[in-house]
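What follows is a short report on a single structure.
The values are calculated or read from the model by the stated rules, or taken from the named source; none is laboratory data. Values in this document were obtained by computation on a predicted structure and should not be read as measured data. We place every Cβ from the backbone using ideal geometry, glycine too, and count neighbours over all the protein chains shown. Heads up: the accessible areas ignore ligands, DNA and RNA and are worked out on the full protein's heavy atoms, side chains in. Shrake-Rupley method; radii C 1.70, N 1.55, O 1.52, S 1.80 Å.
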Amino acid sequence: MRRIRLILLIALLPLVACCGRRDADAQRPMVGLSCGRSESGANTLGAAYTDAILRAGGLPLVFPTIADESDARELVASVDGVVLTGGPDFDPAIYGEEILNETVEIDPVRDRSDLLLARAALDSGKPILAICRGGQLMNIVLGGTLYQDIPTQVPDTLRHGGGAIHMIGVEPGSTLYRLFGKDSLEVNSYHHQGVKDPAPGIRITARAPDGLVEAFETDQVFATQFHPERMAQADTAWLRVFRHFIGRLEPGRK
Ligand code: MN
């Protein structure tokens with residue numbers, strides 16, 4: 001009887017060891033997300049972002065607002081990829097302009113935090129998903145500029161912002177094209193600013209009918225001016241953007 005128990009134990013041991021190892025290997029990719037700030041100073045982020053990461057198989061970790069470069073570097077080092085999220089306008093001083101008019105609403109604390117995270121994320125080489133303000137952030141960090149106020153700076157523009165819906169033309173061969181297999185898509189629009197001078201080295205992959213940049217990419221960055229996380233709440237097709245991003249992450253590479 002004792003021998004049978006012993007044999008059973010020996011027989012089960014590799015199974016236990018194997019399952020233990022498999023759990024460790026099946027570690028989900030961890031995604032750090034920048035956050036916004038409320039007027040009272042709270043760190044905030046819409047749950048649509050973290051829900052989309054979870055549904056796409058990633059483990060979201062919301063980064064707080066930070067003010068130190070070392071904090072940015074250590075936060076980025078703790079995750080496998082970074083999502084730069086939406087928010088208010090940028091201070092145009094960042095790209096060498098003065099504030100154009102009273103429609104430009106800035107938050108210097110958020111600007112500083114985002115710039116530190118963006119540079120740390122770029123330096124890490126880890127994949128970056130940049131949404132709305134996050135995409136604008138990538139453009140200015142890589143050397144481009146923004147329209148401060150689209151309605152006054154872009155002639156004959158269509159309505160961007162406020163939850164408007166508009167078409168975009170998608171560049172064949174781009175990642176966005178491969179994800180949907182379509183050269184035009186209907187997207188939401190919650191932005192007041194947009195890419196003016198594209199940064200050197202970015203590939204513009206989608207434009208609105210008025211010419212405004214709606215998506216761009218580099219080998220490291222996938223940027224949209226629209227909000228796929230919000231569209232994914234009603235249409236699971238938009239989870240493709242997040243599954244693609246999660247699929248590029250390399251858990252364990254720190
Ligand atoms: Mn738009």
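Some points to look at:
- Highest to lowest packing among 102-109, 244-251, scored as the average C-beta count within 10 Å: 244-251, 102-109
- Taking 0.36 nm per residue of separation and subtracting the Cα-Cα distance, full extension of the segment from SER78 to ALA234 would add 53.0 nm.
- Among 118-129, 146-157, the peptide with the highest mean count of other Cβ atoms within 10 Å heads the list, and the full ranking is 118-129, 146-157.
- Excluding ligands, DNA and RNA, the accessible surface per residue across the chain is 49 Å² with a 1.4 Å probe.
- Per-atom-type breakdown for the chain gives carbon and sulfur 53% of the accessible area (1.4 Å probe, protein chains only).
- Share, in percent, of DSSP beta bridges within the chain that are antiparallel, nearest 5: 55 percent
- Take the convex hull of the alpha carbons in the chain; its mean projected area over all directions comes to 17.5 nm².
- You can think of it this way: the chain between LEU54 and ARG28 has 8.4 nm of extra reach, that is 0.36 nm per residue less the Cα-Cα gap.
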